[in-house]
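Peer 1: What follows is a structure written as structure tokens; I'll ask about it next.
The values are calculated or read from the model by the stated rules, or taken from the named source; none is laboratory data. From a predicted model like this one, the values you see are computed outputs, not experimental measurements. Glycine also receives a Cβ, built like all others from the backbone with ideal geometry; neighbour counts cover every protein chain displayed.
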Amino acid sequence: MVARIEPAARPYAEDMEKTLEKLMPPGVEPLVLFRTLARNPRVFRRFMAGGLLDKGTIGMREREIAIDRACARCGGEYEWGVHMALFAERVGFGADEIAATVAPGAEAGCWSPRERLIVRLVDQLHDTNNVDDELWAALRAEFKDEQIIELVVLTGLYHMVSFTVNALRLPMEDYAPRFPAQG
């Protein structure tokens with residue numbers, strides 16, 4: 001796939017070089033997404049300011065379930081692949097969890113009841129742009145209000161990321177996996 005907008009190339013402006021350097025492990029080239037958004041420094045900085053990859057009110061595994069499911073539902077294979085490459089092992093995803101992030105429904109045996117609620121939330125937001133009363137009650141019984149807010153915002157944020165990577169037709173990172181085939 002050929003990107004619709006060429007990513008920024010070195011030499012970057014000094015402040016952008018420092019910003020991009022902080023985002024990646026030493027020796028790893030900044031993501032195509034970051035370099036493309038860097039073409040518009042204002043948008044890039046606001047995009048980065050809206051990130052939720054810090055220590056939040058939910059654990060990293062729950063965060064990744066929400067992110068990966070949102071990306072999968074939107075066909076955001078680029079971002080899904082980046083998250084699988086960088087976080088799947090760290091959060092304990094095996095082949096079953098990886099496949100379940102893209103599989104229809106929330107009933108995969110690899111998810112705990114609490115994790116199934118996250119998948120259901122992402123799916124319902126994707127399908128209806130809302131949360132029905134039944135799911136809301138189940139979420140309230142399991143999560144604190146602050147956690148529900150974080151999960152809803154994560155889902156919306158990664159819809160936006162998926163729209164961006166899809167519309168710009170960003171090529172996959174060399175190290176990022178593709179969506180698994182569905183059986």
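Peer 1: Could you go through the range 55-70 and let me know if any residue there is of a type in the set (Asp, Glu) and farther than 25 Å from Glu150 by Cβ.
Peer 2: No, because not a single residue in the range 55-70 is of a type in the set (Asp, Glu) and farther than 25 Å from Glu150 by Cβ.
Peer 1: When the residues of the range 24-50 are filtered to those that are surrounded by 14 or more Cβ atoms within 10 Å (Cβ to Cβ) and in contact with a Pro (Cβ under 6 Å, 6 or more places away or on another chain), which remaining residue is nearest to Leu168 (Cα to Cα)?
Peer 2: Among those residues, the one meeting the criterion is Thr36.
Peer 1: Quick one: how many residues across the range 48-65 are of a type outside the set (A, V, I, L, M, F, W, C) and over 23 Å from Pro30 (Cβ atoms)?
Peer 2: Total satisfying the criteria: 5.
Peer 1: Of the residues that sit in the range 51-82 and are of a type in the set (Lys, Arg) and part of a helix (DSSP H, G or I), which one is surrounded by the fewest Cβ atoms within 10 Å (Cβ to Cβ)?
Peer 2: Arg61
Peer 1: Given Gly92, Gly75, which one is farther than 16 Å from Tyr175 by Cα, assigned by TED's automatic domain parsing to the domain that holds Phe163 and over 16 Å from the mean Cα position of the chain (by Cα)?
Peer 2: Gly92
Peer 1: In this structure, is Ala3 crowded, with 20+ Cβ neighbours inside 10 Å, among the small types (Gly, Ala, Ser) and at pLDDT 90 or above?
Peer 2: When the stated conditions are applied, Ala3 does not pass them.
Peer 1: Somewhere in the range 24-36, is a residue among the basic types (Lys, Arg), at pLDDT 90 or above and in the same structural domain as Val161 (by TED's automatic domain parsing)?
Peer 2: Scanning the range 24-36, I find no residue that is among the basic types (Lys, Arg), at pLDDT 90 or above and in the same structural domain as Val161 (by TED's automatic domain parsing), so the answer is no.
Peer 1: Can you find, within the range 95-118, the residue that is farthest from the chain's Cα centre (by Cα) among those that are among the hydrophobic types (A, V, I, L, M, F, W, C) and within 16 Å of Phe179 (Cβ to Cβ)?
Peer 2: If we take residues in the range 95-118 being among the hydrophobic types (A, V, I, L, M, F, W, C) and within 16 Å of Phe179 (Cβ to Cβ), then Ala108 is farthest from the chain's Cα centre (by Cα).
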